[in-house]
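A short write-up of the structure that comes next.
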Amino acid sequence: MAEIRAQSGQPVARELQPLTDQALRRFGAAVEGVLFYGSCLRSGKPTEGVVDLYVLVDNYAHAFPRRLLRWANACLPPNVFMLHASAPDGQVLRAKCAVLSLAHFEQGTGQWFQSYLWGRFAQPSRLVFSRNAEVQDRIHRALAQAVVTLHRRTLPAMPDRFTADELWRRALSLSYATELRPEAAGRPDELVQHDASGYRRLSATVVPALAEMVLLGDNLYGSRLPPAARQRGMRQWQWRRLQGRTLNVARLMKSVLTFENGVDYVVWKLERHTGEKIEVSPRLRRYPLIFGWPLLWRLLRERRLR
């Protein structure tokens with residue numbers, strides 16, 4: 001927990017404050033906490049990309065006036081929205097804002113079979129707002145649990161002896177493979193190299209919580225898992241890949257219904273991931289759930305989404 005508190009409490013770029021304020025205005029008294037993570041956190045330049053924010057709320061009825069949004073967030077979390085704000089120097093800031101209840105966040109970092117949350121939040125993040133000290137502690141505990149869960153689920157894929165760097169690279173590769181992402185094969189290496197010492201410190205904190213993982217030396221670990229447990233764990237990753245990709249498609253389709261200008265958001269997301277300009281025809285804009293499937297199938301066939 002101490003390492004998580006120190007990590008999540010590090011300062012962030014001042015340009016992030018207008019986006020945090022915008023999230024607080026939009027979801028009001030429902031907000032329990034706001035987390036900042038992703039590529040803009042790593043670069044330290046929120047004005048040069050789309051900021052990733054997670055807004056944790058007390059409940060969906062409090063956060064959303066529309067019943068459809070409440071239902072969608074409860075059945076297939078999170079709901080995702082775009083936020084815009086102005087930086088102090090006048091630059092336009094954009095954020096992809098995912099909304100999740102604090103209870104779902106706690107479940108997703110420790111109990112969910114799918115790696116959607118524990119795969120993301122085992123990685124570094126910053127807690128830029130919390131309602132009070134009790135909420136802050138709950139979020140820190142959930143972040144710590146994400147790190148433990150990721151190690152536990154990755155351990156079946158590791159050899160008898162391995163370093164923290166090797167475990168994190170394998171963990172991120174497995175997690176990415178459960179989603180429709182166009183990430184290059186070397187992306188996990190880049191992420192681990194970006195903050196290798198931080199990832200090593202996190203792995204060191206996990207050992208007391210995992211009986212099946214043992215510290216052998218400086219940045220050297222061993223696995224106590226028997227062969228049957230390793231085989232079972234790898235089969236679970238195969239199921240995660242099938243389940244995760246199915247849920248990714250469902251979330252894209254949900255965005256069309258719940259997102260303001262949903263078709264434009266999905267197209268922007270696909271263009272951002274694939275680097276390909278996508279034309280939106282009148283019939284696609286009018287009937288996205290019917291005419292969006294051929295586009296998605298083409299991107300999968302061409303392996304622009306893996």
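Compare the Cα positions of ALA164, GLN22, ILE4 along the charge dipole of segment 2-235 (+1 at Cβ of Lys, Arg; -1 at Cβ of Asp, Glu; about the Cα centre) and return the one farthest towards the positive end.
GLN22
What is the magnitude of the charge dipole of segment 133-193 about its Cα centre, with +1 placed on the Cβ of each Lys and Arg, -1 on the Cβ of each Asp and Glu, and no other charges, expressed in debye to the nearest 20?
180 debye
Dipole size in debye (nearest 20) for segment 4-131 around its Cα centre, Lys and Arg Cβ +1, Asp and Glu Cβ -1?
Taking the Cα centre of segment 4-131 as origin, the dipole is about 140 debye.
Rounded, prolate or oblate: which fits segment 134-245 when a ≥ b ≥ c are the square roots of the eigenvalues of the alpha-carbon gyration tensor, with rounded for a/c under 1.5 and prolate only if a/b beats b/c?
Rounded.
Consider a paramagnetic label point 7 Å from the Cα of ASN59 along Cα→Cβ; state which residues of segment 13-29 have an amide N under 16 Å from it.
29
Starting from the Cα of ASP137, step 7 Å along the direction of its Cβ; do the same at LYS45; then give the gap between the two resulting points in nm.
Output for this residue pair reads 4.1 nm.
Tell me, in nm to one decimal, what length is gained between HIS194 and SER173 on full extension, where the rule is 0.36 nm per residue of separation less the Cα-Cα distance? Display every interim value, and only then the final one.
Details: separation 21, 0.36 × 21 = 7.56 nm, distance 1.57 nm.
Net length gain for the segment: 6.0 nm.
Only the coordinates and a few stated rules stand behind these numbers; no lab work does. Note that the structure is a prediction, hence the values are computed from the model and not measured. Virtual Cβ from ideal backbone geometry, glycine too; neighbours counted across all protein chains shown.
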